[in-house]
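Read the figures in this text as sums done on the coordinates, not as results from a lab. From a predicted model like this one, the values you see are computed outputs, not experimental measurements. Note that we place each Cβ from the backbone using ideal geometry, even for glycine, and neighbour counts take in every protein chain shown.
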Amino acid sequence: MSVSLTIRDLPEATRDMLRRRAEARRQSLNSYIVDLLEREAGLPTMSEWADMVETRARLAGSSDAAVEAVRELRDAV
């Protein structure tokens, strides 16, 4: 389902730049802006990104510990 969105107080220079970029991609201004918004919405926020990095660091640390435990058990035999 799609919705309509109104953008107020957009400087003309910004609109003109977006229009030129849309034309360069052979897109309508609307299609170009929808693509920009979809791409932006798909990116994590800085907070989400920091959480992902922290989680990966913890997982990497735990996998390193698991590898070390397996090595210790293997070497003990």
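Write out the trypsin sites (Lys or Arg not before Pro) in the chain meeting two conditions: DSSP loop, and at most 15 other Cβ atoms within 10 Å of their Cβ.
ARG8, ARG25, ARG26
At each listed q (0.24, 0.26 Å⁻¹), what is the log10 of I(q)/I(0) that the Debye formula gives for the chain modelled as equal alpha-carbon point scatterers?
The Debye formula, applied to the Cα set alone, gives -1.10, -1.17.
Compare the peptides 30-36, 1-7 by average per-residue count of other Cβ atoms within 10 angstrom and give them in order, highest first.
Descending packing order for the listed peptides: 30-36, 1-7.
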